Each structure stands twice: as C-alpha cells, then as structure tokens.
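To start, the structure under review is shown below, and the notes come after it.
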Amino acid sequence: MTDTHVQTVLQFMERHAPKRFAVEGDPIGLQIGSVKKRTAKIMVTLDVLEPVVDEAIANGVDMIIAHHPLLFRPIKQLNTDTSYGRAVEKLIKHDVTVFAAHTNLDVADGGVNDMMANALGIRDTKPLAPVTEDSLKKIAVFVPRNHADAVREALGQAGAGHIGDYSHCSFSTDGKGAFVPGSGANPYIGSKGSMERPEEERIETVFPASIERNVIRAMLDAHPYEEAAYDIYSLENPGKTYGLGRIGKLDETITLREFTERVKQAFGVNGLRVVGDLDKKVKKAAVLGGDGNKYTMHALREGADVYVTGDLYFHVAHDAWMEGLAMIDPGHHVEQIMKKELAEQLQSWLEEQKSSTEVIISEINTDPFQFL
C-alpha cells in the first residue's frame, strides 16, 4: 500500500461534490499547494483558522479538506503579523495542501444539507432552492446479438438506464446492419472488401448528461466492433434537480418546542434562536446549512412549517414570523456535521483503493460564539 496522490483525492471529491454544483463565484477547489505530490495524512475541517493549521502541523497532516474556503475573498496583502497571514505562511512553509468544497458540497447528494436533514429526521427530501438540472440524453448503439447483453450490462454499470428506483433500463429492437470493411480494417465480423449484413440489436437507454463520457467509454470497451455505430440524443424530459437546502417531512407531527430540542441534540448546541409559537404543530420541515436568510421565501413557498438555518437576520425573522413560518437558528457552525461523515466516506474510498493515506478529523472548535 502506498500514499495517494493529491490529484487522486481531488478526483474523488469531484465525483462526490462536482465543481459544477457550486454557486457562481464560490472560490472552491485547490487553494494552496500542488496536485502532483502524494498525501499521507488528510484532515477534514469546517474552517481553516490558525489554530486548525497548528493542529494539522502537530499531527503530521499534509492535506486539509475544508468546507469553508480559506481564500474566500481576493487578497490585497498578506500580512504575516495577522493570524490569517500567519496561517497562510505556515501552510506554505510546511507544504500543507488546502482544498475547499463549499456550496458544491452543500448541493451534492449525500452532502452537507443531506447530512443535516438526516440528523433531524427529515424524510423524502428534495432541494429547497434549485441550482442546476442534470439534463437527460439517450444513447442508441448497434451491436451484434451475441454481444448485446455485455453492452447492456456495461451501460448499466456506467450509470445509464437509471430511472427512479430501477437500474439497467433499456429497450432493444432487432435488425440487420450493413458494412464493407476497408483495406485497412480489422473486422470482428466479415472480410475486407465484402458486404456484410450481420444480425444486430439496437439498444437504447437514457443517462444524465454529466456522465456522458463514462457511458460512451463503457460502451466502447464492451463493444466487439473496431468501429462502433452509435447515436447520442438530447432529450426534453426533465432531469434530476440539484440545489441548496432540503425540504421534506418528519415521521410524525410534533410541536415546535419538541423539534427545537431535536435540533439542539442533533447538532450538539447548548442554545439557539427560535421564531414562532413553541406550541405550533410542525410536520413539513426545511433545512439549509450556513447563512440561509435569502432562501426563507423558498421555505414559505414550499409550505414548510419550520425552517432551520443559520445567521438569521432580525428583519428576515420578522417577515417569517408575520407569515406564520417558524424558524430555528442553531448557528452557522452546525455545518461541522460534515467533518465526521466526509472523513468516513473518504477513508472508506481510500481503503478500497488500497491506499495507506489516513484521514483524521479536526478537533478544534471554530465556532466564535458562546451562549451564556
């Protein structure tokens, strides 16, 4: 077993939380360091503050994966007399790579907002504020009958033909192909210069546009022909929607007071702010990690009884209160739920790759607020 290249870790992160999911202008991705080196120990953190950097150095960490970007705004100067400047200086001196997955990790399936919704017992969720849609395409490929099953299986394994709770969905029609192998060909069927009319199947299946390259590659690898014939169509059918926040239903109707206690326990907070009648019954709940003020109207339009988010503004709370939407603000820092779950996901994947790279979790509390 050997250490993993940083570039390989970034490939995992791209599959887990694609950059295309990020809100425009969000400074995600590699922030400090090189993709060419290997990493022996990775630390997952919410924030990259100077104490977190010191923690990483003390633990022999050579790569940090953070939710909140260290380089969030353009740097006009780097003063190493400040805590921020010292943090950057230490990272560079100790060759610690820093990578940020922010709104793309919020949006992704299994990302921060799914983690928070699961912790609160919110089921049958959908995105609260849509960001993008993965449009659908169809592939139609012509293959000799004795290889049709192999090609169908390859397409299914690549992610094509997934419709709802069903996988490997496809449709086939029988027919005859026609071709004449040229002088430079190495035909699987037939002879050079002779017309061939083999029995073939036309296999059709749909797939998300984002995996087109993988689908085509898988099909070509399984196809016996030297030159496979296939078509790609764009579809008008709606694809899967991805977005910020989640909205769904609780298993049972409970009071706002009871749900507030659930929020405190789920996120390990001693206190929080609540808007609304504590005896109000809640069933439909929305959650959005971080600052979700501007998505309050989304929660109202979707019929949420209660909306859990951080950094709540006074006047936003007023508006929600007057419209009958209960709100719970446990703080921005509850996004730290991502540390443990992302670390476990990454460590499991590394072990599957037979990598010796270790993943640890930052133990530093970066919440600047205290409740007294």
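Please treat every number below as a calculation from the coordinates, not as lab data. As the structure is a prediction and not an experimental result, all values here were calculated from the model. For neighbour counting, all protein chains shown are included, and Cβ atoms are generated from backbone atoms with ideal geometry for every residue, glycine included.
See the values below:
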read-out	value
Bins of 10 Å, starting at 0 and running to the largest distance - Cα pair percent for the chain	5, 19, 23, 22, 16, 9, 4, 2, 0
Two-decimal Rg to Rh for the stretch 259-372 - Kirkwood Rh, Cα set	1.09
Cα-centre dipole for the chain with unit charges at Cβ (Lys and Arg positive, Asp and Glu negative), debye to 20	360
Distant-in-sequence amide H partners of Thr97 (H built 1.01 Å from N, under 5 Å)	Met63, Ile64
Which of Phe267, Phe259, Phe314, Phe12 has the fewest Cβ neighbours within 10 Å, and the rest in rising order	Phe314, Phe12, Phe267, Phe259
Cβ-derived FRET efficiency at R0 41 Å, Tyr166 paired with Tyr188, nearest 0.05	0.85
MRE, 222 nm, helices only [DSSP H, n ≥ 4, -39500 (n - 2.57), over the chain, to nearest 500]	-8500 deg cm²/dmol
Distance between modelled label sites at Lys41 and Gln265, nm, 7 Å Cα→Cβ extension	3.6
For the chain, built as a Gaussian network whose Cα springs stay under 10 Å, the top-fluctuating residue of Ala101, Ala209, Ala150	Ala150
The chain, relative contact order [Cα under 8 Å, separation at least 6], %	20
Most mobile listed residue (Glu201, Glu358, Glu55) in the chain, GNM with C-alpha springs under 10 Å	Glu201
For the stretch 195-295, projected area of the alpha-carbon convex hull averaged over all directions, nm²	12.3
Inter-centroid distance (Cα atoms) of the stretch 1-41 relative to the stretch 244-264, Å	34
Listed residues Asn146, Gly156, Met116: farthest to the positive end of the dipole of the stretch 93-197 (Cβ charges)	Asn146
Subset of Lys36/Lys93; Lys41/Lys90; Lys137/Lys192; Lys240/Lys354 violating a 23 Å alpha-carbon distance limit	Lys137/Lys192; Lys240/Lys354
Local net charge near Ser83, Cβ-Cβ under 15 Å (Lys/Arg +1, Asp/Glu -1)	-4
Spin-label model distance (nm) - Asp367 vs Arg86, 7 Å beyond Cα toward Cβ	2.5
Overall dimensions of the stretch 136-238 as given by Cα atoms, namely Rg and Dmax in Å	14.4, 48
Distance (nanometres) between label positions extended 7 Å along Cα→Cβ at Leu71 and Glu352	3.1
Sorted peptide list for 20-27, 152-159, criterion being average Cβ within 10 angstrom, highest first	152-159, 20-27
DSSP beta bridge pairing in the chain, given as percent antiparallel to the nearest 5	70
Cα-centred dipole magnitude for the stretch 136-238, charges only on beta-carbon of K, R (+1) and D, E (-1), debye, nearest 20	160
